[in-house]
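The structure appears right after this line, and notes come after that.
The values are calculated or read from the model by the stated rules, or taken from the named source; none is laboratory data. Note that this is a predicted model, so its numbers are computed, not measured. Here the Cβ positions follow ideal geometry from the backbone for every residue, glycine too, while neighbour counts run over all protein chains shown.
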Amino acid sequence: MGHTVEFKQKIALAEITFGITAKLGINTDLEKSLFLSDHDIRLPDALTKSERAYQMRPNIFAADNLVWALYKNNQFSVAAKYTTWSLILGENDALILYHQGMIALKNNNTIEAKRYLKKSLELNPRFSIIWSRWLSDTLDLIK
């Protein structure tokens with residue numbers, strides 16, 4: 001896939017950490033799904049974990065995680081069905097708004113995408129070490 005040795009080492013370290021927490025009896029489906037989705041690793045597994053996490057803990061963060069895993073698995077219209085739930089209390093969470101904006105964009109709703117992405121940027125321009133740098137570029141593309 002063209003990943004660097006350093007990237008592969010960081011992924012291996014994260015996998016070890018997830019393995020240790022699992023052995024301690026801690027369910028990390030929610031966290032691991034987001035990690036896998038954010039790094040485009042084993043995306044079907046990320047989706048399975050996010051679905052399981054949502055069933056176990058149906059809250060706005062699990063809904064957002066499910067939305068993001070669906071997005072990363074190219075299931076944009078299905079992801080849109082879950083967006084309302086993740087926004088019920090997540091209107092002030094920059095990461096949730098970013099995810100909503102990207103899903104709206106993939107569903108050809110540029111007005112809604114622009115609204116969510118702008119609000120995400122206004123709330124916290126450094127909301128994610130991974131996605132913050134893409135936010136401004138994405139907004140520039142949809143002007």
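State all residues of segment 84-100 that are under 17 Å from residue 118 (Cα atoms) and either assigned to a helix (DSSP H, G or I) or among the hydroxyl-bearing types (Ser, Thr, Tyr) (or both); if no residue qualifies, say none.
Those that are under 17 Å from residue 118 (Cα atoms) and either assigned to a helix (DSSP H, G or I) or among the hydroxyl-bearing types (Ser, Thr, Tyr) (or both): 87, 94, 95, 96, 97, 98, 99, 100.
Quick one: count up the residues across segment 8-38 that are surrounded by 15 or more Cβ atoms within 10 Å (Cβ to Cβ) and either closer than 24 Å to residue 85 by Cα or among the charged types (D, E, K, R) (or both).
The qualifying residues number 11.
What do you reckon, is residue 86 at pLDDT below 90 and surrounded by fewer than 19 Cβ atoms within 10 Å (Cβ to Cβ)?
The answer is no for residue 86.
Could you grab the pairs with beta carbons closer than 6 Å, sequence gap of 6+ or different chains, first residue in segment 49-75 and in contact (Cβ under 8 Å) with a residue 12 or more places away in the chain and closer than 11 Å to residue 85 by Cα, second one buried (at least 16 other Cβ atoms within 10 Å of the Cβ) and of a type in the set (D, E, K, R)?
Hits for this filter: zero, empty list.
Scan segment 48-83 residue by residue and report those that are closer than 26 Å to residue 110 by Cβ, of a type in the set (A, V, I, L, M, F, W, C) and surrounded by 22 or more Cβ atoms within 10 Å (Cβ to Cβ).
The answer is 63, 66, 67, 68, 69, 70, 79.
Could you list, in sequence order, all residues of segment 101-136 that are among the charged types (D, E, K, R) and either crowded, with 17+ Cβ neighbours inside 10 Å or in a helix (DSSP H, G or I) (or both)?
Correct list: 106, 112, 114, 115, 118, 119, 122, 133.
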